[in-house]
1. Quick test of your reading of the structure: residue 46 fulfils all but one of (1) surrounded by fewer than 16 Cβ atoms within 10 Å (Cβ to Cβ); (2) modelled with pLDDT under 90. Name the failing condition by number.
2. What strands (runs of 3 or more DSSP E), lying completely within the range 1-92, carry at least 1 residues that are in contact with a Phe, Trp or Tyr (Cβ under 8 Å, 6 or more places away or on another chain)?
Amino acid sequence: MNITLRAVDSEIACNRELLSYAKRSVQFALSRSLPVATTVTVRLSDLNGPRGGTDKCCKIELRVAGWHAFTEATHSDSRAAIDLACARMAGVVRKRQQLARGASRRSPVATRGKGVAA
């Protein structure tokens, strides 16, 4: 998995600990469910600058052969924004894999009454 980190603000770019945390979080959230040939881009930004507030933004873009996905999360804490964006992306990947396997969320109920024994 190729992970590219981009910090929009110089304050975030200088925070090596935060960038390392972002990389580890993405690897942990996506490593088990994705093939090796993937590209993940993580963008971290502070929308309001030093004024504070719910403005730390984490955007994750995922490119896999044949499809791509994008998630975004905003929170007052940078790490929480990273965690939320990673959780959302993991959910997107999980749903995509279920659809690829032909699984439906309502498969036990959907088969009833259609000639299939339940």
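The values are calculated or read from the model by the stated rules, or taken from the named source; none is laboratory data. Here the structure is a predicted model, which is why all the values come from computation and not from measurement. Note that we place each Cβ from the backbone using ideal geometry, even for glycine, and neighbour counts take in every protein chain shown.
1. Every listed condition holds for residue 46 apart from (1).
2. Details: elements: 2-7, 38-46, 56-64, 67-75.
The strands (runs of 3 or more DSSP E) meeting that bar are 56-64.
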